[in-house]
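So the structure is just underneath, and the comments pick up after that.
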Amino acid sequence: MLKLTGIGKRFGGLTALQGISFEIVPGSITGIIGPNGAGKTTLFNIATGIYPPSEGAVLLDGKDISNWPPEKRAYLGLVRTFQNIELFGKMTVLENVMVGLHTQSKSGIFACALRMPWQMSEERRIREEARKWLEFVGIPELENVEAGTLSFGKGRLLEIARAMALKPKLLLMDEPAAGLNSSETADLADLIKRIRDLRVTVGLVEHDMDLVMDICDSLVVLNLGTMLATGTPREIQDNPAVVTAYLGEAE
Amino acid sequence: MKSDKLKFLLFAVVVLAIPLFIPKGYLTNVLIFVGINSMLALGLNLLLGYAGQISLGQAAFFGLGAYGSGVLNTQYVINPWLAMALVAVGVAAFAFAIGFPVLRLKGHYLAMATLGVGVIAYISFNETVDLTGGPSGLSGIENLSIGSFVFDSDIKNYYLVWSFALVSILLAMNMVNSRFGRGLRAIHDSEVAARVMGVNARLMKVQVFALSAFISAIAGSLYCHVMTFISPTSFSFPVSIELLTMVVIGGLGSVFGSVLGALLLTLLPEMLRAFQDMDIIVYGLLLISMTIYLPGGLVRGIPALFRKIVPARGSHA
Amino acid sequence: MKKLITVALVSFFVFCMASAAMAAAPIKIGALFSVTGPASFLGEPERNTAQMVVDEINRVGGIKGRKIELIAYDTGGDSTKAVQLANKLIKNDQVVAIIGPSTSGETMAVIPVVEKAQVPLISCAAAIKITEPVKPWVFKTAQNDSLAVARIYEQLKKERRTKIALLTVSDGFGASGREQLKAQASRYGIQIVADDTYGPKDTDMTAQLTKIRGVHPQAIICWGTNPGPAVIARNAKQLGINIPLYMSHGVSSKKFIELAGDAAEGIRLPTGKVLVADLLPKNDKQKKSLQSFIKDYQHHYRTEGDHFGGHAWDAVMLLRYAIERGGDNPAAIRKQLEATRNFAGIGGVFNYAARDHAGLTKDAFVLVEVKKKNWTLVK
Amino acid sequence: MEFLKETMQFVISGLATGAIYALIGLSFAIIYNSTGIINFAQGEFVMLGGVITIFCITAFKLPILIAVAVAILGTTAVGVVFERLAIRPLKNATPLALIIITIGASILIRGLVMLLWGKDTQALPAFSGNDPIEVAGATMLPQHIWIFGVTLLVIAGNRFFFHHTITGKAMRACSFNRKAANLVGISVGRMVLLSFGISAALGSLAGVIIAPLTMTAYDVGVMLGLKGFCAAIMGGMGSGLGTVLGGLILGTLESLGAGWISSGYKDAIAFLILLLILFIRPQGLFKKGETERV
């Protein structure tokens, strides 16, 4: 599905990433872990096109998309959520999800202003579709609430609903469990599994090890901008280099 | 949705009925300009309030519309309605073209660039004397007409201008509550998230820039045919600032806020006349205090104030 | 008995006259002046003067016993506002005539309004196109630019200076002057070798003057209003330019000398006679009007009355005499204004006619030169 | 030869005007750097400097040095009051709200000055006479030397203040990261107030030294403010050499534009070049590129 080959990124003189190569297999849940400052979010930003890599290539289904802008990648079914949830705060919950259906609708500026009949029916369609996704994440009752007023947990769910509305092939989630309590985290694990059951490949940056070990099929470990290890959760758990990176040099 | 339609209908009825209830004369004349300013404010609000992109050069498009129609009307034989359409499309195309480099900028750089566009347009109006008459202005523009019906009185012009304003308002309301409008508002709230959702932020910003130029140009054409005389000072930097003020005071991201802002700022000099030379001071004070105490603009501030007062009364009862 | 009848009769007459006086509503005259904004240097003295003259007329009993009410609005130099306020004066205040606006741009914007409403307008702005072609309801008191240009060109011709450079401000005043300067040049055998402009808010014109110096003209004519020309005078001195420098009547006040300082020495400009009232010969027709204006203005506002205030003085006086002759009906006022002959005002001796609504000849201007920080007549 | 001489004069005149823009640009940058605010009332500080000086001289017959001091102190006070009354009460200030507020303040200040001191243009006598000085075939006035000198002093002063004093360093810290600055015990509020004060003082200083050349009136601030803003943008909104170079380039371009191409379009030329700079190097002419981080 998503293949990264030799990705490197420098900001000015600072090297944030170097020589990152791995692949996210279709239908899997792949976790990307590593201590703070390992470059996980930077990697996601490169994968989704928020900025281009300094070197290396990003391939999606074999296609080189390294220099594509995010909006173009979205049409290929690549979408993400954000660490600090990026909702459209002044829009309603339903409208947020409807933006997620942007790639599946096509009314332009004129059709919208003139209320063409086919635009009206398209509007009805995406409205229904959006409601479906709110139900999927379990917040249908909030549809008319302004998104900016949601609690952190609910906001997270909305962000996932919005991303799912895009009918992604690959969903990248940046620390979805951050700021959630344990019962919310459990619900999240359940939700991610349901997402996978819809045949959506998931990439996950996460600090919550229990969650990662529970749901991930394979893991990629980053440290200080380089790849430390890849493998199944079990392999990673037993990898001494990973343990050292996380716990510091053993005495 | 439904309530929006109702609001619009109500508003349209009020607008169409107003001339029947106000004393004939000067007020009708002022309300014509409220209509023109409403269109201008609406155009800017689509850009600023919905897409979150500032423009300090809005007067340029207004002026291009006015001079386009004015020059075509005085120096060439062309149907003024056709001219109006051609000019508006031309101005929109111009905005579309400069939109790509201009709207790549953000924040105060964008403010500066749009201001620059405004200054350059203003200087061009002044310097192309053969075409525009330069600083002395362009006179002899005809009133608009349909067949033998000439829009030559205040009341006729009132209905002319406000029908355009109402159509613009309706189209704008349609647009902001649809795929395109949602895209714009998404860009405003979080450009990065919007792009990740497949919203082509760059293109959309440029499109709405062109649309706002289009509306401003139509307003300009109407202005030149209503006034029958135009000169560059009506399209200078302070005019852009005044438009910005209308939008902010009326309410960012609100179609009716634009109208309210236009109404208030067009009538304000009237209300401040009692202060004589002090009016400029009162104007400045209003700008500051409104921004501090009514940041959502009048369109949100008044209902909020109302809600504050009404429950207070209810709790006593 | 006889006595009683007399008393009754007298009291009856007194009663009648009193009620007649009470019934005589004031005559409403509208005024649009740009009291604030970039043209406030015009609008402020104009408003002050108009108010002063109206008060003076009312003090001596008004026009045939009726008081004048002056309704003056500030346009801020904005032509949209000028149009709105002209409408207000006509429709709400129902004035019989309008004085102003102060600038040519505003006047051109207001013309369609007054023409349609058929209310006489006496503009205080200078551009020639205000009254050319003649519009039935539009008159003006400010001298045409063309007259000022003619005054300068006559002098240049006399001194056999044929190559000149223009430096005009890029606003309505400068543009109108520039048009006239170019139009009349060939008639006087004058060749324009440089034609430059500057912005109203520019602070340094050495670039333009350097360029002008490079083409070696025999005189420079600068058309603008303060402070631009003062800056130009100083820049010219800085660059060591010592050919004659002519200014327009736009700077004909002491203010210019004050701003330009030493650099003002030797500068010439055409001006209305108000600047040099004391230097005029006793038999000058305008001398009486000029001296009374200067005295009154000094008395009311403790500062010197200028050329611009003079435009408003003339406008109010012209209206006064027109109303005295024909009553306060707008059409009658228009007719009587057109019939004005030999009115010696501040701006000149006015002779309006059906085909001339500007009413002045180039005698309205005198050419003055700054010498020792004061005006002297150029002979 | 003639051409060279003319060009020399264009450049000298341009540099002199540019130095004025640079000074105003610097005063813009000071507020921007410690608060992120573009102060549209900056031109009014410049105007106040000139107007108050002239007022002190004509009304109280104060010697010029004292008048200048009074003007700078007075304007500084205005800057401080402005920050207190209009900027500080604003909660969750968006850049737009700040633009509107500062525009409102500029209108207010202009209105007050108009009411207090009238609408007339006033001239200030030159500090050291009006005898032209010959430089490489071109001429300039003693006042120009004053302008260049003060600009140099201000650059040096700026540099010293922001890099070698505790307060200056604290202000820079605020500009980099307000939260962090707050955490290490810097009172951000005080720094903002201070930046308005310094900026107002600098603006009025510019206003004082240019008044003998350009004269002054209640409405001179608008255009000067815009040009200063241009200079600052060209220099990348830095408070150092970039802005000064930006101002000098802008002034020279204007002058050359007026001399070589068209005096009517000279401002248009300046703004067109500004637009091109923004399109090609939005971070300013002299700043190294920075990748925007998300």
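The values are calculated or read from the model by the stated rules, or taken from the named source; none is laboratory data. Source: prediction; values computed, not measured. Neighbour counts are summed over all protein chains in view; Cβ atoms, including those assigned to glycine, are modelled from backbone coordinates with ideal geometry. Remember, those area values only see protein heavy atoms, side chains included, never the ligands or the DNA or RNA. Shrake-Rupley method; radii C 1.70, N 1.55, O 1.52, S 1.80 Å.
Quick one: count up the residues across the range A:120-161 that are under 18 Å from residue B:181 (Cβ atoms), hydrophobic (A, V, I, L, M, F, W, C) and free of Cβ contacts under 8 Å to residues at least 60 places away in the same chain. Total satisfying the criteria: 3.
Within the range C:285-303, the residues that satisfy the criterion of being open to solvent by 90 Å² or more (accessible area, probe 1.4 Å) and touching a residue at least 24 places away in the same chain (Cβ under 8 Å) are C:285, C:288. When the range C:37-54 is limited to residues that are open to solvent by 10 Å² or more (accessible area, probe 1.4 Å) and more than 11 Å from chain D (Cβ to nearest Cβ), the one that is farthest from residue C:173 (Cα to Cα) turns out to be C:51.
Is one or more of the residues making up the range D:84-105 surrounded by 16 or more Cβ atoms within 10 Å (Cβ to Cβ), closer than 22 Å to residue D:215 by Cα, among the polar types (S, T, N, Q) and more than 7 Å from every other protein chain (Cβ to nearest Cβ)? No.
Considering D:138, D:201, D:180, the condition of being modelled with pLDDT of 85 or more, farther than 19 Å from residue D:76 by Cβ, open to solvent by less than 50 Å² (accessible area, probe 1.4 Å) and of a type outside the set (Val, Ile, Thr) is satisfied by D:138 alone.
Among the residues examined, residue B:231 qualifies as more than 18 Å from the chain's Cα centre (by Cα), touching a residue at least 24 places away in the same chain (Cβ under 8 Å) and more than 12 Å from chain D (Cβ to nearest Cβ). For residue D:155, the stated conditions do not hold, so it cannot be described as of a type in the set (Val, Ile, Thr), surrounded by fewer than 17 Cβ atoms within 10 Å (Cβ to Cβ), at negative phi and over 12 Å from the mean Cα position of the chain (by Cα). Within the range A:190-204, the set of residues being within 17 Å of residue A:134 (Cα to Cα) and open to solvent by less than 10 Å² (accessible area, probe 1.4 Å) comprises A:191, A:192, A:195. Filtered by the rule that a residue be open to solvent by less than 20 Å² (accessible area, probe 1.4 Å), in contact with a Ser or Thr (Cβ under 7 Å, 6 or more places away or on another chain), modelled with pLDDT of 90 or more and of a type outside the set (S, T, N, Q), the range B:110-150 gives B:118, B:125, B:138, B:141.
Within the range C:311-332, the residues that satisfy the criterion of being over 13 Å from residue C:122 (Cβ atoms) and part of a helix (DSSP H, G or I) are C:324, C:325, C:326, C:331, C:332.
When the residues of the range A:60-81 are filtered to those that are open to solvent by 70 Å² or more (accessible area, probe 1.4 Å) and in a loop (DSSP other than H, G, I, E, B), the one that is farthest from residue A:166 (Cα to Cα) is A:67. Counting residues in the range C:308-331 that are within 20 Å of residue C:49 (Cα to Cα), at pLDDT below 90 and open to solvent by 50 Å² or more (accessible area, probe 1.4 Å) gives zero.
Residues considered: C:237, C:254, C:273, C:282. Of these, the only one that is within 14 Å of another protein chain (Cβ to nearest Cβ) and either modelled with pLDDT under 90 or open to solvent by less than 30 Å² (accessible area, probe 1.4 Å) (or both) is C:254.
Inside the range A:82-96, can you point out the residues that are of a type in the set (Val, Ile, Thr) and either buried (at least 21 other Cβ atoms within 10 Å of the Cβ) or over 20 Å from residue A:127 (Cα atoms) (or both)? Of everything in the range A:82-96, those that are of a type in the set (Val, Ile, Thr) and either buried (at least 21 other Cβ atoms within 10 Å of the Cβ) or over 20 Å from residue A:127 (Cα atoms) (or both) turn out to be A:85, A:93. Within the range D:257-274, the set of residues being surrounded by fewer than 19 Cβ atoms within 10 Å (Cβ to Cβ) and of a type outside the set (Phe, Trp, Tyr) comprises D:261, D:262, D:272, D:273.
With C:219, C:175 as the choices, which residue is out of contact with any Lys or Arg (no Cβ under 7 Å at 6 or more places or on another chain) and over 30 Å from residue C:344 (Cβ atoms)?
Result of the check over C:219, C:175: C:175.
In the range B:254-273, is there at least one residue being within 8 Å of another protein chain (Cβ to nearest Cβ) and under 22 Å from residue D:93 (Cα atoms)? Scanning the range B:254-273 turns up no residue that is within 8 Å of another protein chain (Cβ to nearest Cβ) and under 22 Å from residue D:93 (Cα atoms). For residue A:221, the conditions (1) on the phi < 0 side of the Ramachandran plot; (2) open to solvent by 10 Å² or more (accessible area, probe 1.4 Å) all hold with the exception of (2). The residue pairs whose first member lies in the range A:102-119 and is more than 8 Å from chain B (Cβ to nearest Cβ) and within 21 Å of residue B:201 (Cβ to Cβ), whose second member is of a type in the set (A, V, I, L, M) and assigned to a helix (DSSP H, G or I), and whose beta carbons are closer than 9 Å, counting only pairs six or more residues apart or on different chains, are A:104/A:126; A:104/A:165. In this structure, is residue B:60 more than 25 Å from residue B:152 (Cα to Cα), out of contact with any strand residue (DSSP E or B) (no Cβ under 9 Å at 6 or more places or on another chain) and open to solvent by less than 20 Å² (accessible area, probe 1.4 Å)? The answer is yes for residue B:60.
Checking the structure you have, find out if any residue of the range B:271-290 is free of Cβ contacts under 8 Å to residues at least 60 places away in the same chain, open to solvent by 20 Å² or more (accessible area, probe 1.4 Å) and not in a helix (DSSP H, G or I). Looking through the range B:271-290, none of the residues is free of Cβ contacts under 8 Å to residues at least 60 places away in the same chain, open to solvent by 20 Å² or more (accessible area, probe 1.4 Å) and not in a helix (DSSP H, G or I). If the condition is being closer than 15 Å to residue C:106 by Cα and acidic (Asp, Glu), then the range C:59-92 contributes C:74, C:78. Can you pull out the residues in the range B:181-217 that are touching a His at 6+ places or on another chain (Cβ under 9 Å) and either of a type in the set (A, V, I, L, M) or more than 7 Å from chain A (Cβ to nearest Cβ) (or both)? Those that are touching a His at 6+ places or on another chain (Cβ under 9 Å) and either of a type in the set (A, V, I, L, M) or more than 7 Å from chain A (Cβ to nearest Cβ) (or both): B:186, B:194, B:197, B:199.
Given C:172, C:224, which one is modelled with pLDDT under 90, closer than 22 Å to residue C:79 by Cα and more than 9 Å from chain D (Cβ to nearest Cβ)?
Values: C:224 fails: modelled with pLDDT under 90.
Testing whether each residue is modelled with pLDDT under 90, closer than 22 Å to residue C:79 by Cα and more than 9 Å from chain D (Cβ to nearest Cβ) leaves just C:172.
Looking only at the range C:198-217, residues that are buried (at least 24 other Cβ atoms within 10 Å of the Cβ), facing chain D (nearest Cβ under 7 Å) and in a helix (DSSP H, G or I) come to 4 in all.
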